[in-house]
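Colleague: One structure follows; several queries about it will come next.
The values are calculated or read from the model by the stated rules, or taken from the named source; none is laboratory data. None of the values given here were measured: they were computed from a predicted structure. With ideal geometry, Cβ positions are generated from the backbone for all residues, glycine too; neighbour counts draw on all protein chains shown.
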Amino acid sequence: MKHMLEKPLPEKLTGQLKKWMAAIAAATMMLPGTMAVPAAENTQSNLPQEELTVHFIDVGQGLAIMAKAGDDVLVYDGGNSDAASYFVSYLKDEGVEDIDYMIASHYDADHLNGLVGALHAFDTETIIAPDYKHNSKLYTSFYNTLSSQNKEVTYPEVGQEYEFGEGSFTVLGPTQIRDDSNNNSVVVRLDYGDTSFLFTGDAESKEEKDIIAANEDLYCDVLSVGHHGSASSTSWDFLEAVLPEYAVISCGVNNSYGHPDPDTIEKLESIEAQIFRTDLQGNIIAISDGETITWNNVPSNGEVLYAADFVSVKEEPNDTSSTVGELGPGNQIQVLNRDDNGWATIVFNGATTYIPSSYLSDIDPQTMTQAAPTQPVGNMVWLSATGSKYHSRNNCGNMNPANARQVTESDAVSQGYEKCKKCW
Ligand SMILES: [Zn+2]
Ligand SMILES: [Zn+2]
């Protein structure tokens with residue numbers, strides 16, 4: 001059964017309405033014959049001057065997010081030990097010199113390891129992490145590193161807002177400390193102009209419930225899907241409260257946990273969220289100008305195209321890679337990504353594979369040389385000049401064939417005619 005949305009959408013609709021009204025006002029103020037003059041720089045606009053970029057870094061099974069707005073850098077989790085050095089070098093490649101905000105969602109290794117690496121590599125200003133103890137060497141190492149740098153952790157206060165570039169982020173959770181690590185995740189909402197991102201760490205349905213209870217407005221454009229898309233997170237109530245347009249899932253290729261859970265994907269698709277996945281698509285980058293969000297990838301559930309011709313499907317994006325199969329003209333292809341190197345990442349037999357982008361077509365090449373298919377006409381029936389029935393033949397005995405005419409059965413029904421009992 002499809003779950004229905006029970007909640008109204010006041011905030012988003014109001015925002016959209018305002019935009020339309022502004023557009024109408026602008027259009028009606030333009031009098032006929034008036035010279036169009038380029039609009040002066042709108043000093044009233046609260047849109048940011050600079051862009052926000054949010055990187056969902058592919059750290060395999062784990063989570064690592066880096067956001068940059070102007071000179072401000074926020075890091076939310078850093079992935080596990082096998083990805084820690086990649087995480088640090090990714091930040092360096094992106095020009096990060098110091099970190100303004102480091103948020104450790106919780107102390108599980110697949111989130112915390114890379115942050116310890118980052119503490120060694122970058123000067124870090126504000127460190128936010130949840131107020132519970134975790135029995136692990138990694139937890140000890142995190143706090144030892146901080147004390148060796150004379151730094152302290154700021155525990156998250158629900159409702160606390162931090163300036164970030166020309167935007168801000170607000171702590172939404174945890175509202176209480178529980179005895180399971182995941183449900184202590186620091187949940188933050190990043191607002192930038194009219195766009196918003198929600199980072200939920202590994203928060204599961206228990207914490208999601210707390211957050212719904214504590215926060216009036218949870219609408220967000222982008223949801224970093226909780227706990228790598230596992231079934232224990234992304235409860236219906238939470239999803240309906242957030243109603244994301246985009247969902248990003250960070251997890252490892254063919255991970256042993258089965259993340260993301262097919263149910264989570266189905267839920268996200270039923271609210272028509274565009275889904276991005278690090279396991280299928282690598283690093284996912286969102287850019288917000290304060291009004292719209294653009295992405296470095298097409299959504300993983302997004303584009304279905306056609307093969308333009310016969311083409312070999314490759315295991316890796318190069319000609320010398322081994323061939324895993326063949327596509328023919330008109331075959332439908334689920335395209336995950338069109339890379340800069342001329343190769344497209346596609347799904348073939350359920351696996352991530354590659355073909356040259358030049359073999360992709362928006363239209364089925366087989367229909368290009370044929371005439372458009374004729375419209376199906378439906379079942380034709382007979383109507384007599386008078387009478388309230390329609391007939392399968394014009395000589396059924398219950399109708400006068402003189403002046404009889406043919407219409408489709410659905411037309412006859414819609415005009416109020418009923419089936420003749422004799423000829424059907
Ligand atoms: Zn995790
Ligand atoms: Zn966890």
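Colleague: Take the residues in region 203-213 that are under 21 Å from residue 161 (Cα atoms) and within 14 Å of ligand 2 (Cβ to nearest atom), then tell me which one is surrounded by the fewest Cβ atoms within 10 Å (Cβ to Cβ).
Modeller: Looking at the filtered set, the residue picked out is 207.
Here is a yes/no grid of residues against (1) in a helix (DSSP H, G or I); (2) surrounded by 16 or more Cβ atoms within 10 Å (Cβ to Cβ); (3) more than 14 Å from ligand 2 (Cβ to nearest atom):
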site	(1), (2), (3)
88	yes, yes, yes
107	no, yes, no
119	yes, yes, yes
139	yes, yes, no
151	no, yes, yes
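Colleague: Across region 24-70, which residue is modelled with the highest pLDDT among those that are assigned to a loop (DSSP other than H, G, I, E, B) and of a type in the set (S, T, N, Q)? Explain how you work it out, then say what you get.
Modeller: Pass one, region 24-70, residues assigned to a loop (DSSP other than H, G, I, E, B): 30-51, 57-63, 70.
Applying the additional criterion that residues be of a type in the set (S, T, N, Q) yields 34, 42-46, 49, 61.
On the way: 34: 41, 42: 45, 43: 47, 44: 50, 45: 62, 46: 73, 49: 94, 61: 97.
Per the criteria, the residue is 61.
Colleague: Does residue 216 satisfy being in the same structural domain as residue 167 (by TED's automatic domain parsing), more than 16 Å from ligand 1 (Cβ to nearest atom) and without any contact (Cβ under 8 Å) to a residue 24 or more places away in the chain? Before you say what the answer is, go through the steps one by one.
Modeller: On the way: in the same structural domain as residue 167 (by TED's automatic domain parsing): yes; more than 16 Å from ligand 1 (Cβ to nearest atom): yes; without any contact (Cβ under 8 Å) to a residue 24 or more places away in the chain: yes.
Criteria met by residue 216.
Colleague: Is at least one residue of region 243-257 within 27 Å of residue 165 (Cα to Cα), outside any strand (DSSP E or B) and of a type in the set (A, V, I, L, M)?
Modeller: Yes, because at least one residue in region 243-257 is within 27 Å of residue 165 (Cα to Cα), outside any strand (DSSP E or B) and of a type in the set (A, V, I, L, M).
Colleague: List the number of the failed condition for residue 398; all other conditions in (1) polar (S, T, N, Q); (2) modelled with pLDDT under 85; (3) surrounded by 15 or more Cβ atoms within 10 Å (Cβ to Cβ) hold.
Modeller: (3)
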